[in-house]
Amino acid sequence: MLTIVFNVAEELLSLYRWAVILAAVFSMLVSFGVLDTRNRLVWTIGDFLYRITEPALRPLRRFVPNIGNIDITPIVLLVILWAAQQVLQRIYFALVTGSVQGLLF
């Protein structure tokens with residue numbers, strides 16, 4: 001049961017990481033005029049990606065400075081998600097082996 005919980009949590013973090021990447025790419029394609037948001041399907045996809053990623057990106061935008069017109073908060077969020085996956089893996093390893101040493105290194 002414990003393995004299932006950790007696997008589901010890791011997969012959810014992985015899926016969210018892909019959603020952040022897709023939202024960043026989608027945003028760049030819209031800003032360069034490659035995608036037209038007047039198309040209903042394109043707008044729906046963009047709205048979905050915005051609603052999924054914005055709750056995590058909004059608090060980061062308060063702390064991360066803008067570099068010109070480039071928004072680097074998706075990169076910061078990807079690093080945070082990677083770190084969360086690493087912590088989750090270490091906790092799982094420590095619980096499975098019964099050793100605290102997995103948490104330290």
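The values are calculated or read from the model by the stated rules, or taken from the named source; none is laboratory data. As the structure is a prediction and not an experimental result, all values here were calculated from the model. We place every Cβ from the backbone using ideal geometry, glycine too, and count neighbours over all the protein chains shown.
Can you name the residue in the stretch 46-59 that is aliphatic (A, V, I, L, M) and over 15 Å from Ile80 (Cβ atoms) and is also surrounded by the fewest Cβ atoms within 10 Å (Cβ to Cβ) among such residues?
Ile52
What residue, of Leu57, Leu78, Leu49, Leu88, is in contact (Cβ under 8 Å) with a residue 12 or more places away in the chain and farther than 14 Å from Ala24 by Cα?
After ruling out the rest, the residue left standing is Leu88.
So how many residues does the stretch 34-71 have that are among the polar types (S, T, N, Q) and touching a helix residue (DSSP H, G or I) at 6+ places or on another chain (Cβ under 7 Å)?
The number of residues fulfilling the criteria is 2.
Looking at Tyr92, is it in contact with an Asp or Glu (Cβ under 9 Å, 6 or more places away or on another chain) and either assigned to a loop (DSSP other than H, G, I, E, B) or under 30 Å from Met1 (Cα atoms) (or both)?
Answer is yes for this residue.
Of these, Phe93, Phe32, which one is out of contact with any Cys (no Cβ under 6 Å at 6 or more places or on another chain) and under 22 Å from Ser14 (Cβ atoms)?
Sole residue among the options that is out of contact with any Cys (no Cβ under 6 Å at 6 or more places or on another chain) and under 22 Å from Ser14 (Cβ atoms): Phe93.
Residues of the stretch 49-105 being of a type in the set (Val, Ile, Thr) and within 11 Å of the chain's Cα centre (by Cα), which ones?
Ile52, Thr53, Thr73, Ile75, Val76, Val79, Ile80
Kindly provide the set of residues from the stretch 60-90 that are within 19 Å of Glu11 (Cα to Cα), exposed (fewer than 15 other Cβ atoms within 10 Å of the Cβ) and small (Gly, Ala, Ser), ordered by number.
Result: Ala83, single match.
Which one of the conditions (1) assigned to a loop (DSSP other than H, G, I, E, B); (2) touching a Pro at 6+ places or on another chain (Cβ under 6 Å); (3) among the hydrophobic types (A, V, I, L, M, F, W, C) does Val34 fail to meet, given that it meets all the rest?
Going through the list (1) assigned to a loop (DSSP other than H, G, I, E, B); (2) touching a Pro at 6+ places or on another chain (Cβ under 6 Å); (3) among the hydrophobic types (A, V, I, L, M, F, W, C), Val34 breaks only (2).
Tell me, yes or no, whether the stretch 27-36 has at least one residue that is closer than 17 Å to Leu78 by Cα and either modelled with pLDDT of 95 or more or in contact with a Lys or Arg (Cβ under 8 Å, 6 or more places away or on another chain) (or both).
No, that holds for no residue.
So that you can scan it fast, the table gives a plain yes or no per residue for (1) more than 21 Å from the chain's Cα centre (by Cα); (2) surrounded by 12 or more Cβ atoms within 10 Å (Cβ to Cβ); (3) among the basic types (Lys, Arg); (4) at negative phi:
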residue: Glu11; (1), (2), (3), (4): no, no, no, yes
residue: Arg17; (1), (2), (3), (4): no, yes, yes, yes
residue: Ser27; (1), (2), (3), (4): no, yes, no, yes
residue: Val30; (1), (2), (3), (4): no, yes, no, yes
residue: Arg38; (1), (2), (3), (4): yes, no, yes, yes
residue: Thr44; (1), (2), (3), (4): no, no, no, yes
